[in-house]
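Student: This is the structure I have questions about; it appears just below.
Read-outs: derived from the displayed coordinates by stated rules, not from any lab. Bear in mind that the values here come from a model prediction, so they are computed numbers and not experimental data. No Cβ is skipped: glycine too gets one built from the backbone with ideal geometry, and neighbour counts run over all protein chains shown.
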Amino acid sequence: MDIFLQQIINGLVLGSIYALVALGYTMVYGILGLINFAHGEVVMIGALTALTVVKLLAGSGLPGPVIALIGLMAAAPVCMAIGYGIEKIAYRPLRKAPRLAPLITAIGVSIVLQNLAMMVWGRSYHSFPAVLPAEAHEVLGATFTDLQVIIVLVAAGMMAGLLLLINRTRLGRAMRATAENPAIAQLMGVNVNHIISLTFVIGSALAAVAGLMVSANYSIAHYYMGFILGLKAFTAAVLGGIGNLAGAMIGGILLGLIESLGAGYIGDITGGFLGSHYQDVFAFFVLILVLVFRPSGLVGEKVAERA
Amino acid sequence: MAEPLLIVEGLRIAYGGIQAVKGITFHVDPGETVALIGANGAGKTSTLKALARQLDAAGGSVRYQGREISALAPHELVGQGIALVPEGRGVFARLTVTENLEMGAYCRHDKAEIADDLERIFALLPRLKERHGQLAGTLSGGEQQMLAMGRALMSRPRLLLLDEPSMGLAPIMVQKVFEVVQEVASQGMTILLVEQNARLALQVSRRGYVMESGDITLTDAAGTLLDNPRVKAAYLGE
């Protein structure tokens, strides 16, 4: 029982992070029909930027949460600028190109960002200073830390805020209208280019938060971390139904739970033949299952092929 | 006589090398309803799309309130007071009826007056009021046409461009749609109406232009066109 509960807790934390990143994929897909494979790198740059700032301030005597917040304040604008730049420089010129062109470009952007990060931060792993309360609490034989609670609550708050923005505001209405029919949205006076830029900026802000969370949670960050994290968040978005906001949230949480429970029990199931370091297998196994049996995802509508 | 609200001169539109509109000239005076009639493929919708900046003209000038507008960005047009009700209606299927109407007022910031206008639209189109919380995609074709017109009116346009409002609708709905067009026109709206149903279009209009394979070949008062033997033979099925 304690292993089960423990893995549920770990899965929720991991899932919250996946969900935040998955939202970035799904928002861009919803509006442009494009998988922005560089999104994972934006998370990575957010993580390393936040980590660098937190490291600088670690000995300053400021309270830990304040230091983390300053780290986020630094990472968010950096990520938002990168997200804005990616769209403007790499994707906008290809708006009318065949679908394969922006996809390949996305992979190219991803490689460029990885290498830029390698030039700035080097190839080594950076450890995240322990400025956040890591005190463990025990419930029914399972433990959780304050940090984990903060991660889940902040992620939930950001997601609720995003849903409010999309469903209840004039701007959100324009975003939904643009996602459905950009030409008609333009007739209403919506500057579609602004809406697309904004979509990238919002997704990147969420990526910055996720970057800080993931590096604080694992106490580590490096220039290559965005790749696998991005792929998993993409899997979460597909699991929920790409293009669907609620789907990305549900898919993220579910994927986190599947991964944690899988990693917790894989040893028992295989009689010790496979260990928890096979954790990554589960995400991609899920991806294959979804693509084969339910390509529209759990809550997704039919994915219309766009011309 | 007042200065025309819209003056189109020598408008040309080409798709690839093919000229769809071959240099047409026409105008719309303030407060009048003008019909642009003609067969399928005559270039009527292309003309309207060029006016609404949905496609680029190959040449000619479009002056609205004395200003050249053929270089404006598509999203700037509605702020100038031009609203297009597109062919095929183009409602946002996944937005509610009310949200669609609110999208029509996207460029306006006078919250209280937007709310008043919403009530006015609901009074004009009571079916929309009944269905205000429904997703637009669940409406019938006629209701969607009403919604598209209501949405355009929400921007408080000075010039309303209507593209084939009768297309694909049951006869009873066509009648209703044209009643609304007439009602809106009687309130002083300037309307440019593109329509294949020539009889209905001319009945609600003051003047008409007849388009044939990219050219305007005939123009007159709507009543005169209705009696014109050529128009009768070609477009009225008489």
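Student: List A:Val201, A:Val190 from most exposed to least, where exposure is judged by having the fewest other Cβ atoms within 10 Å.
Tutor: A:Val201, A:Val190
Student: Given charges of +1 on the Cβ of Lys and Arg and -1 on the Cβ of Asp and Glu, with all other atoms neutral, how large is the dipole of chain B about its Cα centre, in debye to the nearest 20?
Tutor: The dipole magnitude comes to about 260 debye.
Student: R0 = 51 Å: FRET efficiency of B:Ala221 with A:Glu138, Cβ-based, nearest 0.05?
Tutor: It comes to 0.05.
Student: Also, I was wondering about something else. With just the Cα atoms defining each centre, how far is segment A:212-239 from segment B:17-47? Give it in Å.
Tutor: So the two Cα centres are separated by 56 Å.
Student: Among A:Ile258, A:Ile104, A:Ile202, which one shows the biggest mean-square fluctuation in a GNM of chain A, springs joining Cα atoms closer than 10 Å?
Tutor: For chain A, modelled as a Gaussian network with Cα springs under 10 Å, the answer is A:Ile104.
Student: What's the angle, to the nearest 10 degrees (0 to 90), between helix A:2-32's Cα axis and the longest principal axis of chain A?
Tutor: With rounding to tens, the tilt is 20 degrees.
Student: For segment A:18-225, what is the charge dipole size about the Cα centre, in debye to the nearest 20, if Lys and Arg each add +1 at the Cβ and Asp and Glu each add -1 at the Cβ?
Tutor: It comes to approximately 840 debye.
Student: Quick check: the angle from helix A:225-240's long axis to the longest principal axis of chain A, C-alpha only, nearest 10 degrees?
Tutor: The helix A:225-240 is inclined about 70 degrees to chain A.
Student: Have a look at A:Ile82, A:Ile220, A:Ile17 and tell me which one the Gaussian network model of chain A (Cα, springs below 10 Å) gives the largest fluctuation.
Tutor: Of A:Ile82, A:Ile220, A:Ile17, the most mobile in the Gaussian network model is A:Ile220.
Student: Could you sort out which of B:Lys44/B:Lys176; B:Lys44/B:Lys129; B:Lys44/B:Lys111; A:Lys88/B:Lys111; A:Lys88/B:Lys49 sit more than 25 Å apart by Cα distance in this structure?
Tutor: Table pairs above 25 Å Cα-Cα are B:Lys44/B:Lys129; B:Lys44/B:Lys111; A:Lys88/B:Lys111; A:Lys88/B:Lys49.
Student: Among B:Gly23, B:Ile121, B:Leu226, whose Cα lies farthest out toward the positive end of the dipole of chain B, if unit charges sit on the beta carbon of Lys, Arg (+1) and Asp, Glu (-1)?
Tutor: The one lying farthest along the dipole's positive direction is B:Gly23.
Student: Give me B:Asp163, B:Asp117, B:Asp29 sorted ascending by neighbouring Cβ count inside 10 Å, so fewest comes first.
Tutor: By the 10 Å Cβ count, ascending: B:Asp29, B:Asp117, B:Asp163.
Student: Let me ask another. Per residue of A:24-32, what is the mean number of Cβ atoms on other protein chains within 10 angstrom of that residue's Cβ?
Tutor: The shielding value for this peptide is 0.
Student: Another question, then. Just want the answer: with Cβ charges of +1 for Lys and Arg and -1 for Asp and Glu, which residue in B:Gly10, B:Asn197, A:Gly189 is farthest toward the dipole's positive end in the protein assembly as shown?
Tutor: B:Gly10
Student: A further question on this structure: Could you tell me which trypsin sites (Lys or Arg not before Pro) in segment A:1-99 are loop residues by DSSP with no more than 10 other beta carbons within 10 angstrom of their beta carbon?
Tutor: A:Lys96
Student: Exposure proxy check: B:Glu113, B:Glu164, A:Glu135 ranked by fewest other beta carbons within 10 Å?
Tutor: If I rank by nearby Cβ atoms, fewest first, I get A:Glu135, B:Glu113, B:Glu164.
Student: Between helix B:111-124 and chain B, what is the angle of the helix's C-alpha long axis to the longest principal axis, kept within 0 to 90° and rounded to the nearest 10?
Tutor: 70 degrees
Student: Considering chain B as a Gaussian network with a 10 Å cut-off on Cα pairs, which listed residue, B:Glu212, B:Glu87, B:Glu119, attains the greatest mean-square fluctuation?
Tutor: Between B:Glu212, B:Glu87, B:Glu119, it is B:Glu119 that shows the largest mean-square fluctuation.
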